[in-house]
């Protein structure tokens, strides 16, 4: 019987280390040759601006086959270009190829001047103005909202407040029931003094949030990832893939204090949205008012927004046409994983096409088939 | 004067030269590594080896300081993180080397591993993973002292017991790492002694006229700092104790592999095992309500220090012709409210027109 380290000696280690530093040098060589880490390259035009918000319309190179325009609403945390990280990992390009007419909100980078922005400003103000702008521009009374992560929560709230403007609601890995402690951020947020945080910072720095994300898997994210990276540094394209993700991870806007205060206190700590007690501006949010078709997508291995926080939405809405789609993967995989490109984006497109002309899942028997993992 | 083309040609050539030099340097250092390896397999020479490696990696970072690329900051950050990851990888080997040796020589007993490992090195590794700066606490106290010295010379004597207590506390860290809870109490006692000989006394001092507000804020700030220091030490102790538990689990997992005759021939395999066991052990800690509460308390304590520091700063800057943060906050509030009002009116006007 051999002990695990009998064949493991200083010479072996030095050889490994020498390989490691050779990789490091070659990686440095590749890095010097990189001029730009390009992200979000799908062609688009600016169609609306308000304060720091920008609304873009993606250029459709082909034919629009789905008549209802889709507004993509990303979270305030991190940047929306995650949906178009690179041409072969782009939900946006994928949906465009499927004939969708897409718009996307860029929330911008809040500064101290934005510290007083509230949930009311983001939802009844900015989001509502974007929806109205698209309705006016396209001549559609109703549009489709596709909200991601916190952006999905915003879309859910918006759809409950303005059901007359929303044709379909698609939510991706969006938290609604915050009572769960299945993910660390949910349990940590419950013991956070959000008043002290906001009163001190006013606009909470993105780095503060990043520190929390890195603590979720400290050994992998602070050490292991970078040691593993050395294996791909010699290939420029592989290294660029890594750097694009790295750029996205650390491109973290600060959070407007008042909005963050309300989101953490009312949602994470007091779970008011599910209890029907959340007020946005002067209005109470009742999720039962969501009566339009709903496609709720969750990731089974999501360690940021666990299924226990996303799945309950389907039981809380008033919609009769509602689908729950299980994505086998993690939070980030929903946007950039190969399964996302091959299965998820086509499934979203199909679901939306089927409802573009007022058809429902019941009228179209293919709906269930199209989502092999969907549960009505 | 150089034309743009000349400039870029020169720039490109200089980049090439950097890479060539780096490659050449690497080759030379690889030879040095191999030389050290053939001298002996034990710890002798390992310290030198690490020094050589560290100097070399530092040289790389200096050489790449100005790569001239568009995303230069991200690239530098990534390189720094990669370098830090590689150094942690090296440090890990340094920690485990005596154990590997004992395994090979079949002298490892269930309790012997404690004698074979250096707790300070383990602490350094955990500091690297969690971003704890070992000098941060004394630095914080020193910075606060310097700030106070600048504005109030008389405070210098006042801060001395605090600086001494902080210095004493930092010396207690190794005992903390070795899992002696009494050392935590020693830190608290040092802090309370400092409190008694400074703030405690001042409670009996009569009001000091127009500077009273500053003194009161200062006292509150120092009080907040002591609360933060105590909380932070408690928090770090929790992390170090978990690190030790993870260490024991790695030993146990390795022992299991010995029993089953499974081979680990590459350090990389061991590295993966180490990451996996540590993630699992820390995840178990992070899930507890105790950890969540402790983290919340440390955060709140650090925010209180920050908040008071800014208030104090404002108080001292009040007489200067500059806009203070609180004044800007008021201005932002006014602008925010006016903008909201204007947007509402514009909307109403649009509806009337339509």
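A short reminder: the numbers here are calculations on the coordinates, not readings from a lab. Predicted model, so just to flag it, every value in this text is computed and none were measured. Quick reminder, even Gly has a Cβ in these numbers, built from the backbone with ideal geometry, and neighbours come from all protein chains shown.
For this structure, a couple of remarks:
- Taking the helices alone, chain A has a mean residue ellipticity at 222 nm of -10000 deg cm²/dmol, built from -39,500 (n - 2.57) per DSSP H run of at least 4 residues and averaged over all its residues.
- When Rg and the Kirkwood radius Rh are both evaluated on Cα atoms of segment A:224-343, their ratio Rg/Rh stands at 1.07.
- Our compactness index for segment A:164-308, the C-alpha radius of gyration over the empirical 2.2 N^0.38 Å, is 1.26.
- Once the Kirkwood radius over Cα pairs is known for segment A:1-154, the Stokes-Einstein relation at 37 °C and 0.692 mPa s delivers a diffusion coefficient of 174 µm²/s.
- Sorted by Cβ density within 10 Å, fewest first, the residues B:322, A:290, A:143: B:322, A:143, A:290
- Estimated FRET transfer efficiency when R0 is 60 angstrom, pair residue A:49-residue B:120 (beta carbons, to 0.05): 0.60
- By the count of other C-beta atoms within 10 Å, a proxy for reagent exposure, B:231, B:276 are ordered fewest to most as B:276, B:231.
- 18 Å cut-off, amide nitrogen to a point 7 angstrom out along residue A:97 Cα→Cβ, residues in segment A:24-60: A:40-44, A:58-60
- Mean silhouette area of segment A:81-142, derived from the convex hull of its C-alpha atoms and averaged over all directions, reads 5.7 nm².
- On Cα atoms only, tilt of A:10-32 relative to the major axis of chain A in degrees: 50
- Under the criterion of Cα pairs below 8 Å and six or more residues apart, the relative contact order for chain A equals 20 percent.
- The label-point distance for residue B:256 and residue B:223, in a model that sets each label 7 Å from Cα toward Cβ, rounds to 5.1 nm.
- Distance between the pseudo-spin-label points of residue A:320 and residue B:269 (7 Å out from Cα toward the beta carbon): 6.2 nm.
- Where the Cα pairs of segment B:282-337 fall when distances are cut into 10 Å bins, in %: 20, 27, 24, 17, 11, 1
- Taking other C-beta atoms within 10 angstrom as a stand-in for reagent exposure, B:275, A:305 fall in the order B:275, A:305, fewest first.
- Contour minus Cα-Cα distance for residue B:330 and residue B:351 (0.36 nm per residue): 4.4 nm
- Two-site FRET efficiency, residue A:128 against residue A:61, from Cβ-Cβ distance with R₀ of 30 Å, rounded to 0.05: 0.50
- To the nearest ten degrees, helix A:345-356 and the longest principal axis of the Cα atoms of chain A are 0 degrees apart.
- Label-zone membership for segment B:273-297, site residue B:248, 7 angstrom Cα→C-beta point, backbone N under 16 Å: B:278, B:281-282, B:284-285
- Nearest-ten-degree value, helix A:150-161 long axis tilted from longest Cα axis of chain A: 10
- Three-way shape label, chain A, alpha-carbon gyration tensor, a/c 1.5: prolate
- Stokes-Einstein D in µm²/s, Kirkwood radius over Cα pairs - segment A:37-82 at 37 °C with 0.692 mPa s viscosity: 260
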